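Only the coordinates and a few stated rules stand behind these numbers; no lab work does. Here the structure is a predicted model, which is why all the values come from computation and not from measurement. Backbone-built Cβ (ideal geometry, glycine too); neighbour counts: all protein chains shown.
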Amino acid sequence: MRFLLALLPLCLPAAAAERRSGFDDMAPQTQAMQRDDSANPGMLWVLEGEALWARGCASCHGDAALSMRGVAARYPAWDAATGAPIDLAGRIAQHQGAPRLARESQGLLALTAFVAHQSRGLPINPPEDARLAPARARGAALYTQRRGQLDLSCAQCHDDHAGRRLAGSTIPQAHPTGYPLYRLEWQGLGSLQRRLRGCMTGVRAEPFAYGAAEYVEIELFLARRAAGMALETPAVRP
Amino acid sequence: MRICATLKWLCLAAVLALPVQAQPPLTDTPGVAERGRALVADRRRGLCLLCHSGPFPEEPFQGNLAPSLAGAGARLSEGELRARLIDSKSVNPDSIMPAYFRAEGLHRVGAAFAGRTIFTAQEIEDVVAWLMTLREERSP
């Protein structure tokens, strides 16, 4: 059995080996900043999230290191209450018994970072749930659809030209391995939805509102695309 | 007779190939190369250096998604450069270059840009005029 487990990594699809986290394309000093928890600014949000967890969530969910381990790696997931897919921040925001947190608010970012941090190092593990398939397919279509005055799709940069330079920035392969993450450009922690909005306004398109179904659909598609890659939350990116 | 017919077809093919590949001036006022250079370097207006590099020794961080602009005026005619600026996809449907003078056929354009082209007709002429001055393949 142990022998078979040792062989398992060899059976992963060849594509997995060619996938790169944005981490791999960063300058060594930015990589060092992410690696060192005492230098990683994202850890400030994780610590704030830990305090919020202790005050509100722990009474039901207990020790997050046990109860939340692996949870973030499975999101977005199906939300039975709304009959729609939901991402991790959406799930935390609508949680019963907790004060309602707005998208991209510091409290929601902190809690999401804290919960996702419990899965750091674990492989992204999208659920095999047939109810998610139509939304994931819509996400794939959104990813390849040209939009905005600049008439560009996500795929044209992040698939066709990944690794090349857009002005001074290396275009990453668009694997959401470290959200919410600290971006030097933002001087703060932000969600994947914030990052998607950045690309949309960059191509001079009308971004969707925070929490829109379209974002969750793209997130579903990206999570499947990054399946098996290790979670890094809180990542640091340029 | 057969030679005539062949010639006729060759001429027809040449004429059919022309309209997309080269475009006549959009205005009666000749472009000003100096203004064109400033537009190309402007990262909020022209955006050109996000993807292209060019003879801009003063500009750091030039992109490499597209060919260098150096020598553009030697590689292509004025009409061919204009056609690529107006709508690069009319020449190559797979091009990632935005159409600088086409506002139709776009999806979900941001409110601030809806119905507007990236450049005005005169700005297209300015940029074409500057590109035509680029005769050296190597950036100085």
### Summary
Cα-Cα pairs in the stretch A:129-214 separated by more than 15 Å, as a whole percent of all pairs, come to 65
### Cut-off under 5 Å, modelled amide H: who pairs with A:ASP79 long-range
A:ALA84, A:ILE86
## Note on the structure
Inter-chain shielding metric for A:163-169, i.e. average beta-carbon neighbours from other chains within 10 angstrom, reads 6
### Query
For the stretch A:44-58 and the stretch A:90-130, what is the separation of their Cα centres, given in Å?
12
### Task
Please express the Cα-Cα pair-distance distribution P(r) of the protein assembly as shown as a list of whole percents, one per 20 Å bin, running from 0 to the bin with the greatest distance.
24, 47, 24, 5, 0
## Note on the structure
The summed charge of the A:PRO123 Cβ neighbourhood (under 15 Å; Lys/Arg +1, Asp/Glu -1) stands at +4
### Query
Charges only on Cβ, +1 for Lys and Arg, -1 for Asp and Glu: so what's the dipole of the protein assembly as shown about the Cα centre, in debye to the nearest 20?
540
### Message
Suppose we keep just the alpha-carbon trace of the stretch A:80-163; what are its Rg and Dmax in angstrom?
### Response
16.4, 46
## Note on the structure
Computed over the stretch B:38-132, the convex hull of the Cα set has an average projected area, in nm², of 6.3
### Task
From other protein chains only, count the Cβ atoms within 10 Å of every residue's Cβ in B:101-111, then give the mean.
5
#### Entry: Cβ-Cβ FRET estimate between B:ARG35 and A:ALA80, R0 fixed at 51 Å, reported to 0.05
0.25
### Query
What are the residues whose amide H is under 5 Å from the amide H of A:GLY188, where those residues sit 5 or more places off or on another chain and H is modelled from the backbone?
A:ARG183
### Task
Counting residues in the stretch A:39-131 as N, plug N into 2.2 N^0.38 Å and put the Cα Rg over that result.
1.06
